[in-house]
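Comments concern the structure below.
Please treat every number below as a calculation from the coordinates, not as lab data. Owing to the predicted nature of the structure, the values given are computational and were not obtained by experimental measurement. Every residue, glycine as well, gets a Cβ built from its backbone with ideal geometry; the counts of neighbours run over all protein chains shown.
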Amino acid sequence: MGKLSRVGNDLYNGHRSFDFIGRKPLWYGITVILVGLAITAVIVKPLNFGVEFRGGTELKITVAEGVDQSSADELRESIADAGIEGAANPSVTTAGGNSLVLTTESLSDTGEDEAEDVIVGLFPSVDRVDDISTQDVGPSWGREVAERALIGIAVFLVLVVLFIWGYFREWKMSVAALLALFHDITITVGVYALSGFQVTPAAVTGLLAILGFSLYDTVVVFDKVRENTTTLRKSTESYADAANLAVNQTLVRSINTSIVALIPIGAILYVSAVQLGASSLQDLALAQFVGMTAGIYSSVFLAPRILVQLKSTETEVVEQARRARAKKRAMADRYASVPAVTRDTPVVEGEPDPDRTGRPARAERPADTDGGNTARPSDEALGKGRVAPTQQRRVASGNSSGRQQPVRQTRSKRGKK
């Protein structure tokens, strides 16, 4: 942990840095490939919308002896193997301790009777009339749910743009954040298409949740970018350098936050998909897990890169980049401005010429105008590195410092000869 702390401190102080901004072709190339694969997946294998969006039939079964997840799995396999038209991909969930909910595509009257026969065969205590209730969900209601979900996402995106624009006073940050969110949505939808999971209202809820997570991480990075670029003219960094430093400074926080968020969601996804088979829970967990993972990538590698790309055409940013390059060249070779000495350089003897060196010549020693009170160097002090003052008291020979030293007398003998 101590080593990781030192790495985080070095990243924050700029002693160690990863080039997230400079490698534009790499990050853009990865992004285009991921988005392209996600769109291709949706085209090749369309989304599997749940009964709430495309309509269908829902049967609620009450079992007196009680049910558990194994009962739901057994009923789902039995309905799928029965060959009922419209029930090839059923969904069965538990509702309390004694109820099961069977969801299929729209079934005809014959299909409903066949499904009830399968249910009664598995649970003999179930009465067709009293214990089985059937509800048909029309396509019009599913379309209404889909429209409301799209309206909710659109309102969310509009509020995102207004919030970022109002907080940072920078519309280009709003554009960069929107493109990052589009990246997250596209990848999440593509993974849903590949997995074959049903798109339910729980999945839409998870999608909105991961958009909020991705936006939160992007806003943190942008806030650090703004802090680093406030006094940009006084520093030796360009806008790209300051943005790259901001990403490095928030990198450890992004990793820690993401790990803390992904571990429980991954556990929920594993339990719901492998052990429980609960459709709504696994839809919610899959949306959050995939979306958060994509949000980590977009907030660190994509959004700051897009922001720097949009800001690179501004006059102030271009001038600052030019000044930063000039300062870096000057700091790399501090003696580049010193004139070189060649064989033809004239040699000046004697006192330096103020016109040539820019420094005044050494001043002459002032004349003795105070009647001999001006301190003069004694003969003994010459060559010793010091200038001895005028003698004020009697002196006697001594070995200290190689010259005569004052003699200390008692108060009664001072001033007497």
Margin query: Using the Karplus curve 6.51 cos²θ - 1.76 cosθ + 1.60 with θ = phi - 60°, what ³J(HN,Hα) values do you get for each residue of the stretch 160-167, in whole Hz, with x for Gly and Pro?
Written below: 4, 4, 5, 5, 5, 5, x, 7
Checklist line | Residues whose placed amide H lies under 5 Å from that of S99, excluding near-sequence neighbours | finding: V63, V67
Next item on the list: Describe numerically, in nm with one decimal, the distance between label points set 7 Å from Cα along Cα→Cβ at E319 and at Q135.
Entry: 6.7
Notebook entry, point to check: Based on the Cβ-Cβ distance of F182 and V271, what FRET efficiency does E = 1/(1 + (r/R0)^6) give at R0 = 30 Å, to the nearest 0.05?
Noted result: 0.45
Notebook entry, point to check: Which distance in nm do the two modelled labels at L208 and Q69 give, with both placed 7 Å along the Cα-to-Cβ direction?
Noted result: 2.8
Check: Can you list residues whose amide H is under 5 Å from N48's amide H, if they're 5+ apart or on another chain and H is modeled 1.01 Å from N?
Finding: V199
Check: Efficiency by 1/(1 + (r/R0)^6): what FRET value for K24 and N48, r their Cβ-Cβ distance, R0 = 30 Å, to the nearest 0.05?
Finding: 0.20
Item checked: Overall Cα dimensions of the stretch 56-137 - principal axes, largest extent first, Å -> 29, 24, 22
Next item on the list: Pull out the extension gain between D127 and K60, defined as 0.36 nm times the separation in residues minus the alpha carbon to alpha carbon distance; nm, one decimal.
Entry: 22.9 nm
Checklist line | Segment I259-A154, length gained on full extension (0.36 nm per residue, minus Cα span) | finding: 34.9 nm
Next item on the list: Would you please put 55-62, 290-297, 68-75 in order of how densely packed they are, using the mean number of other Cβ atoms within 10 angstrom per residue and starting with the highest?
Entry: 290-297, 55-62, 68-75
Notebook entry, point to check: When ranked by the protection proxy of mean other Cβ atoms within 10 Å per residue, highest first, what sequence do the peptides 265-272, 36-43 form?
Noted result: 265-272, 36-43
Check: If we sort 307-313, 131-137 on the protection proxy, mean other Cβ atoms within 10 Å, highest first, what's the order?
Finding: 307-313, 131-137
